[in-house]
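K.L.:
One structure, as structure tokens, below. Some questions next.
The values are calculated or read from the model by the stated rules, or taken from the named source; none is laboratory data. All figures in this text were calculated on a predicted structure; none of them were measured in a lab. Neighbour counts are summed over all protein chains in view; Cβ atoms, including those assigned to glycine, are modelled from backbone coordinates with ideal geometry. Just the protein is used for accessible areas: all its heavy atoms, side chains included, with ligands, DNA and RNA removed. Shrake-Rupley method; radii C 1.70, N 1.55, O 1.52, S 1.80 Å.
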Amino acid sequence: MTATTLAAAPATRSVGPALSREAMRSRFPARQASTGWPTERCDRDEAMRLATAPPFVIPSATVQAKRVRGLTHVLDWLQAQSGDTWQQRWTNSGAEDLGADWRRVPLAWLEPRGRRSQWLPSELSSAMRVLICADVLRPSLGWLVSAPSIKSELAAGLALDRDPAGFGRLREHCRTASGISGPAARLAAGRAAVIVAAKGGGLADITVGDVLELLDTETATFLAWPRDVPVFYQILRDLGFLGDQAPLRFRQLRTGGQLTPEQLIDRYDLQCRPIRDLLVDYLRERQPSLDYNSLRDLSYYLGRRFWKDLELHHPGIDRLHLPLEIATAWRQRLQEKPRAAGSTGDVVVGTVPRIAYREALVKVRSFYLDLSQWALEDPARWAVWVAPCPVGRADAEQRKFKRHRKARMDARTRERLPVLPVLIATVERRKVAAASMLEAVLPIEAGRRVTVNGEHLTRTGASTGKLLVMDSTGRRRDVRCEDEYAFWAWAAVNVLRLTGIRIEELMEISHHSLIQYRLPTTGEIVPLLQIAPSKTDAERLLVVSPELAEVLSTVIIRIRDASGVVPLVPAYDWHECLWNPPAPLLFQRRFGAESRAISHGTIRKMIQAALADTGLTDSADGSPLNYTPHDFRRLFITDAILNGMPPHIAQVIAGHRDINVTLGYKAVYPEEAIQAHLSFLARRRGLRPSEEYRVPTDIEWQEFLGHFERRKVSTGICARAFSTPCVHEHACLRCSMHWPDPAQRSRIVDIRDNLIDRIAEAEREGWLGEVEGLALSLAGANDKLLQIDRQPATAIDLGMPTRAPSQPNKHQHR
């Protein structure tokens, strides 16, 4: 495949966002502009009276006289236009089509009649505003958006007469709610006024469709995404103006949702209509047995990687029966992908191997074989498409590919595991530094200078929630954003490395995931972390270590609102393309007036930002070292097995159905140990009597509970798995599974001092055989003291998870 060929290949279209907009406009239609309201049919004298009577009387006689003159000019001009109502005359005048230049039309009519004045344009604008507020005219949304001279004071005028209670509630909400800046509040009031002026009614009559229509209008007018639209939507929804059916967040109106098989295939603009229809039918037939993510992947491999590629290189192809040379060329192209270069990445300079090309081969082979099988069951529908498969069994063989992938992942894990402490120390340092910077900059005024962590920073003011400073190099920085990135990178790295959970499981940890188990005999509380079903649809419980408890407690304290409750936030499932019900998720942060769940893409960016500060490089090419969230899962399993955790226990903790998957995640493990362990499992399953597979008796259950009671030792608690022996022969201070009790710190200090004295005596008497063992015990004692000192001095009350009062029935625990 040449670079020229790749560059000439046309790009396929994506219809997801467009389909999303169309679906949302259909679900939430905008109100039609009403006609025939009473005040549009009033006579000239009544229109003048409505526009000059209270509450539209201005205390200044000069300004009021200016408005009256403007009303005279506008009403005279409109009265000369064709139409039976003031609205019809305004529409027929053609001024609305000129947008911001609308005054050219009345000025052209007034000048030949001797009405000239330097104040005439401003008088016309003042008169139009008061006629709109008095509901004599209802211009279109497009005109109101494009006429800043009218829109600027529209909210104040409508608040006087049309809906004073509604605009009063809006102002009070913006004043008391957190995260709504002054500009955002004024912009929200102005947008609400524009909708009311164009559609009639009050703020309570505004619909979701009206908001979407205004968004489309502003986007088309200014050719840019409008500012603070999510804040405007959230204000209206929090006030109850949009109704119960309105989505909780504006972002839910912008996501595409699940596409139908037709829409999935039409993303690739296939030219051969029969093949396109066949692929749609095939996806529809497979849809009931697949989740949405698998269905989307199948459409990509069949639509883009298979048939679209054939159409690009063999125009006019219309049969599944591929000649040998075409099938061979397609398989060869599939093994390579274009390598882009240039600042924008749009210049193709060659090709590089595609690692996972066998995924496409497997999907295409399954497609051909399914058609052959279905043709036996329903020949009228499928027999016409039966053809020799262009992918042989050897082509789709995955065994060698899996071995190569295992080797790559093992090398990746071996490179990252030794430098993990560097990353942990870096995220801790960045969190502390960013928090101190935010604390120092927040109270100072704009223009003031402060020195933090050796850096000289000058505050430049806040903009739409940002806290901007200028450093000594002249670079502008958002201190609040840096604090957010540093904190959540620290939280994500620590939770991932201490639990080994998947990234999607991390995103679904909520306040309800923290549960407690109290032993019935001793009353000891065992903290547990409940992991919601994800990839394997199997729920599991993890014991919360002191380090993990400290991280989770810090996260909960940070995200609590003013009432001490963890806010309920909806989260988008990027695999299923659906919004989950609101839940007290732990990985959430504040965006303006709303709390949002942090996406997995943002977590990756935060971790990469932390990695950039470590200075670590990849040994292969010298580029900055990259960690993915799944790398921490491999590191966790590898470290656990290397430190004595049995593989079948690691399998349960990781949530794998097959122990071979767990062994595949671990990078370093002796081959003989694997074989011996597998042989042991096989012998045990063969010798174990079937009577053991039954409900445990009361005595057996008490034995299980007694295990947790026997974990208590003089200096803390042993966290080894149930029914497993002590791997360090009860030398607890040396063991990583030993959790020291802060109340026993003085006992550990005495043990440490005694060990120092014994080492000194052994060295003095020449008992060198004891020095090494005593030194190991001394290192363990020092490590336990450090663990105790890292714990907070006082207990932190996390509270019991509660539902927010505003959403009493929305949360459904997954």
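K.L.:
On a straight-distance basis, which aspartates and glutamates could pair with residue 712 in a cross-link, Cα separation under 12 angstrom, same-chain partners fewer than 8 positions away excluded?
P.N.:
Excluding near neighbours in sequence, the set is 524, 741.
K.L.:
Percent of Cα-Cα pairs more than 22 Å apart in the stretch 405-501, please.
P.N.:
Value for the stretch 405-501 (Cα pairs over 22 Å): 43 percent.
K.L.:
Give me the accessible area per residue for the chain, probe 1.4 Å, as a whole number in Å².
P.N.:
Result: 51 Å² of accessible area for each residue.
K.L.:
What's the center-to-center distance, using Cα atoms, between the stretch 185-259 and the stretch 513-559 in Å?
P.N.:
Cα centroid to Cα centroid, the span is 40 Å.
K.L.:
How high is the FRET efficiency between residue 425 and residue 775 when r is their beta carbon distance and R₀ equals 35 Å, given to the nearest 0.05?
P.N.:
That pair, residue 425 with residue 775, gives E of 0.90.
K.L.:
Taking amide H positions as placed 1.01 Å from N in the peptide plane, with prolines and chain starts having none, which residues 5 or more places from residue 337, or on another chain, fall under 5 Å of its amide H?
P.N.:
Amide H neighbours of residue 337, under 5 Å, 5+ apart: 352, 354.
K.L.:
Mind giving me the FRET efficiency for residue 401 and residue 451? R0 is 45 Å, r the Cβ-Cβ distance, nearest 0.05 is fine.
P.N.:
So the FRET efficiency works out to roughly 0.20.
K.L.:
Per residue, how much space in cubic angstrom lies within the convex hull of the C-alpha atoms of the stretch 485-619?
P.N.:
Measuring per residue, one finds 155 Å³ for the Cα hull of the stretch 485-619.
K.L.:
Taking the Cα-to-Cβ direction at residue 697 and at residue 76 and moving 7 Å from each Cα, how far apart do the two end points lie in nm?
P.N.:
Computed distance between label sites residue 697 and residue 76 equals 10.9 nm.
K.L.:
What are the equivalent ellipsoid semi-axes of the stretch 119-266, built from the alpha-carbon gyration tensor (square roots of five times its eigenvalues), in whole angstrom, biggest first?
P.N.:
29, 19, 14
K.L.:
In the set [x] 28.7, 94; [y] 30.5, 98; [z] 34.8, 121, which value of Rg and Dmax of the Cα atoms in Å was calculated from the structure you see?
P.N.:
[z]
K.L.:
How many nm separate the modelled label positions at residue 92 and residue 335, each set 7 Å beyond the Cα in the direction of the Cβ?
P.N.:
7.6 nm
K.L.:
Quick check on the stretch 108-185: take the gyration tensor over C-alpha atoms, sort the square-rooted eigenvalues as a ≥ b ≥ c, and tell me if it's rounded (a/c under 1.5), prolate or oblate.
P.N.:
Since a/c reaches 1.5 and a/b is larger than b/c, the shape of the stretch 108-185 is classed as prolate.
K.L.:
Once a ≥ b ≥ c are taken as the square roots of the eigenvalues of the Cα gyration tensor of the stretch 369-447, is the result rounded (a/c under 1.5), prolate (a/b larger than b/c) or oblate (a/b not larger than b/c)?
P.N.:
Here the stretch 369-447 falls in the oblate category.
K.L.:
What list of ³J(HN,Hα) values in whole Hz, one per residue of the stretch 401-406 in order, does the Karplus curve 6.51 cos²θ - 1.76 cosθ + 1.60 (θ = phi - 60°) give from phi, with Gly and Pro shown as x?
P.N.:
Residue by residue, the stretch 401-406 yields 4, 5, 5, 5, 5, 4 Hz.
K.L.:
Could you name the aspartates and glutamates whose alpha carbon sits less than 20 Å from that of residue 605, not counting residues in the same chain fewer than 8 places away?
P.N.:
428, 478, 482, 483, 484, 504, 505, 508, 573, 613, 618, 631
K.L.:
Can I ask one more? Could you estimate the translational diffusion coefficient of the stretch 247-370 from the Stokes-Einstein equation, with Rh from the Kirkwood formula over C-alpha pairs, at 20 °C and 1.002 mPa s, in whole µm²/s?
P.N.:
132 µm²/s
K.L.:
A further question follows. Length gain on complete extension for the stretch residue 726 to residue 623, per 0.36 nm per residue less the alpha carbon to alpha carbon distance?
P.N.:
So the extension gain works out to 32.8 nm.
K.L.:
Assuming R0 = 30 Å, what is the FRET efficiency of residue 660 and residue 289, from their Cβ-Cβ distance, to the nearest 0.05?
P.N.:
In this case the efficiency is close to 0.75.
K.L.:
Anything over 30 Å Cα to Cα? Flag those among 337/402; 400/666; 337/466; 308/666, in the order listed.
P.N.:
Beyond 30 Å: 337/466; 308/666.
K.L.:
Classify the stretch 321-439 as rounded, prolate or oblate from the Cα gyration tensor: take a ≥ b ≥ c as the square roots of its eigenvalues, call it rounded if a/c is under 1.5, otherwise prolate when a/b beats b/c and oblate if not.
P.N.:
Note, shape of the stretch 321-439 comes out prolate.
K.L.:
Nearest 500 deg cm²/dmol is fine: what mean residue ellipticity at 222 nm does the chain get from its DSSP H runs of n ≥ 4 alone, each adding -39,500 (n - 2.57), divided by its residue count?
P.N.:
Taking each H run of at least 4 residues, the total per residue is -16000 deg cm²/dmol.
K.L.:
Which peptide among 590-600, 573-583 comes first, and what is the full order, when sorted by highest mean count of other Cβ atoms within 10 Å?
P.N.:
My ranking of the peptides, most packed first, is 590-600, 573-583.
K.L.:
Given labels modelled 7 Å from the Cα in the Cβ direction, how far is it in nm from residue 750 to residue 152?
P.N.:
8.1 nm
K.L.:
Along its principal axes, what span do the Cα atoms of the stretch 548-618 show, with the longest given first and each in whole Å?
P.N.:
Per principal axis, max minus min of the Cα coordinates gives 43, 32, 26 Å.
K.L.:
Give me the percent of the accessible area of the chain that comes from carbon and sulfur atoms, probe 1.4 Å, all protein chains in place.
P.N.:
The computed percentage sits at 53.
K.L.:
Excluding residues fewer than 8 places away in the same chain, name every one of the lysines whose C-alpha is closer than 25 Å to that of residue 66.
P.N.:
The qualifying lysines are 151.
K.L.:
Can you work out the PRE-style zone for residue 63? Point 7 Å along Cα to Cβ, and I want the residues of the stretch 134-151 with backbone N under 16 Å.
P.N.:
150
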